[in-house]
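To start, the structure under review is shown below, and the notes come after it.
The values are calculated or read from the model by the stated rules, or taken from the named source; none is laboratory data. Quick caveat, the model's predicted, so the values are computed rather than measured. Please note: Cβ atoms are built from the backbone with ideal geometry, for glycine as well, and neighbour counts cover all protein chains shown.
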């Protein structure tokens, strides 16, 4: 059994190091946990919070049914394969642990080679930063493949105007506080599409007694209460290719939200004939709510105004960034500038057809030290290459079929 070393970076276990040779390690505030946290000091840690598990030669972290969640790079996960020197967080702003282990057990699938670095380039969902963080509005103006110049830009402008009230800001309200979570857009009279990592925190607030709603773009008088939602069943489920390798990008990050009213406008979804032809150069745009590190958090939760950006598709591949058949070609790479808060935005072409759902960006993370508290934290900066990601919209069509 490969050795796992767990080092406390913050919280009551800060500075402590544990070494294990077991196949499963339980983390939490309970006395039966392999690493037991102080519940008085670590208030985000639940009795049984998370578990480190070897599965098929790889180390995974799994949420053990916690209320406060498990986070990696600011992203809540229910189950995720860990990499060398991964840092997990037990609850938002809770204690952080560095997990050191071989990227694969002897005899397990061979991992990708990596080298240690103080700065890592990673792919990370950017919309739902957490319910404790504010989120913004971003819209990107794009145009159709084959189109160029003012004509395609004008077409995209017309689409944005036609469907401006189909877009809304997802807001969660609890204990007197209202916080933006991400972007959603109407796919039916009372049905909105977004990312799974946007829908999950909104639904969790509802389960805790709060209210989540969608505030319609440029309509300060119009908001719809969220009644429930459906997450794609493959979201956060481990997937590997024929070589046993997991992708660096989360797949199936789409969800549907049902609301208590009728959307004033509804987007069209692109059909298979168009999606089969998606490739480099196809002109696109998105309309949504980016916020991370923007002035004024990028959006007013009381009177949201979406932003728009335009660009092109740079490639259409599988989640491993490889050429493949249509059925596996679910990842759309593009050059639309994005940041935290734009998650869930519709990516559309000059015909007004939505081809993808914005969900992730390439970023550079660096370890920094807070000068006041001396606590270490990961700082995120968009990668200068501006190659970012969307889920192909066919995943939404698939999910809508499951809901009928």
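When you look at residue 242, is it out of contact with any helix residue (DSSP H, G or I) (no Cβ under 8 Å at 6 or more places or on another chain), surrounded by fewer than 21 Cβ atoms within 10 Å (Cβ to Cβ) and more than 27 Å from residue 79 (Cα to Cα), yes or no? Steps first, please.
Details: out of contact with any helix residue (DSSP H, G or I) (no Cβ under 8 Å at 6 or more places or on another chain): yes; surrounded by fewer than 21 Cβ atoms within 10 Å (Cβ to Cβ): yes; more than 27 Å from residue 79 (Cα to Cα): no.
No, not satisfied.
If you scan region 1-14, which residues turn out to be within 19 Å of residue 44 (Cα to Cα) and either touching a strand residue (DSSP E or B) at 6+ places or on another chain (Cβ under 6 Å) or not in a loop (DSSP other than H, G, I, E, B) (or both)?
6, 7, 8, 9, 10, 14
Taking strands (runs of 3 or more DSSP E) that fall entirely within region 292-404, which contain at least 2 residues that are in the same structural domain as residue 279 (by the TED database) and at pLDDT below 70?
By residue number, 353-369, 376-382.
So is residue 187 at pLDDT below 50, surrounded by 14 or more Cβ atoms within 10 Å (Cβ to Cβ) and within 21 Å of the chain's Cα centre (by Cα) or not?
no
Any residue at all in region 101-109 that is free of Cβ contacts under 8 Å to residues at least 12 places away in the same chain, surrounded by 15 or more Cβ atoms within 10 Å (Cβ to Cβ) and not assigned by the TED database to the domain that holds residue 252?
Checking region 101-109: not a single residue is free of Cβ contacts under 8 Å to residues at least 12 places away in the same chain, surrounded by 15 or more Cβ atoms within 10 Å (Cβ to Cβ) and not assigned by the TED database to the domain that holds residue 252.
Working only within region 251-261, note down all residues that are at negative phi and in contact with a helix residue (DSSP H, G or I) (Cβ under 8 Å, 6 or more places away or on another chain).
In the first step, residues of region 251-261 are kept if they are at negative phi; the result is 251, 253-261.
Hits for region 251-261 are 253, 254, 255, 256, 257.
Just wondering, is there one or more residues in region 48-70 that are modelled with pLDDT of 90 or more, closer than 19 Å to residue 376 by Cα and touching a strand residue (DSSP E or B) at 6+ places or on another chain (Cβ under 9 Å)?
So far as region 48-70 goes, yes, one or more of its residues are modelled with pLDDT of 90 or more, closer than 19 Å to residue 376 by Cα and touching a strand residue (DSSP E or B) at 6+ places or on another chain (Cβ under 9 Å).
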